Amino acid sequence: MKSSPDSPIISISPRHYIHVLNLNTHVTSLVVGPKTYVCQQDEKIVLGPEELTVVPTMMYCVIRNPVITDKDGVPVVDKYGQVKVRMGDEEYRFAQDPFPLYPGEAIKDIVRPLPVVLPNSALRLRAVSDFEDGNVKRIAGEEWLFEGPG
């Protein structure tokens, strides 16, 4: 159910979320439905309600400024309670449960189908940053082939 952004009470439907700004601390927090949320005097809804992002099987999306998570997948927050993001980075997300975008995150484009690599063909990949691919360390600028089928 949509409510006025100035309304102190908002009903968040299942599979929806809002961003709430605390006007005293200037920290934006995430509230996921289903829930009836009552804004305090020092709070303002700055986004939403928005639908959770759904990435079906054999699809992917790119998230700009992804949230930093700990080893358990829990978002890391600073001393003020604001989630930390990897500003300027991009993260590819594949089929998973529906998820909200945390404050600072943005979806780069629409959810797209994964490319299919046929037998006797390959994708030429290039690392844009250092990372580990299983037990292989990739360095920014390194190129390699992903051979089909896959």
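Laboratory data are not the source of any read-out in this text; all were calculated from the coordinates shown. Nothing here was measured: the structure is a model prediction, and the numbers come from that model. For neighbour counting, all protein chains shown are included, and Cβ atoms are generated from backbone atoms with ideal geometry for every residue, glycine included.
Some points to look at:
- Working note: Karplus 6.51/-1.76/1.60 with θ = phi - 60° gives the range 123-132 the couplings 9, 8, 10, 9, 6, 9, 8, 5, 6, 10 Hz, where Gly and Pro are set to x.
- Considering only Q82, Q41, Q96, the Gaussian network model of the chain with Cα springs below 10 Å gives its largest mean-square fluctuation to Q41.
- Close amide H pairs (under 5 Å, H built 1.01 Å from N) link V117 with G150, residues at least 5 positions away or on another chain.
- Per the Cα gyration tensor, the range 9-50 maps to an equivalent ellipsoid with semi-axes of 18, 10, 7 Å, ordered largest to smallest.
- Relative pair counts by distance (%), Cα atoms of the range 85-135, 5 Å bins: 4, 10, 20, 21, 23, 14, 5, 3, 0
- Calculated FRET value between Y80 and T36, using beta carbons and R₀ = 30 Å, to 0.05: 0.70
- Convex hull volume of the range 53-113 per residue (C-alpha atoms, cubic angstrom): 83
- Coarse-grained scattering of the chain at q = 0.16, 0.18, 0.19, 0.20 Å⁻¹, given as base-10 log I(q)/I(0) from a Debye sum over alpha-carbon atoms: -0.99, -1.17, -1.26, -1.35
- Comparing D97, D72, D109 in a Gaussian network model of the chain, where Cα atoms under 10 Å apart are tied by springs, the biggest mean-square fluctuation is seen for D72.
- Take every Cα pair under 8 Å whose residues are at least 6 apart in sequence, average their separation, divide by the length of the range 53-113, and the relative contact order is 52 percent.
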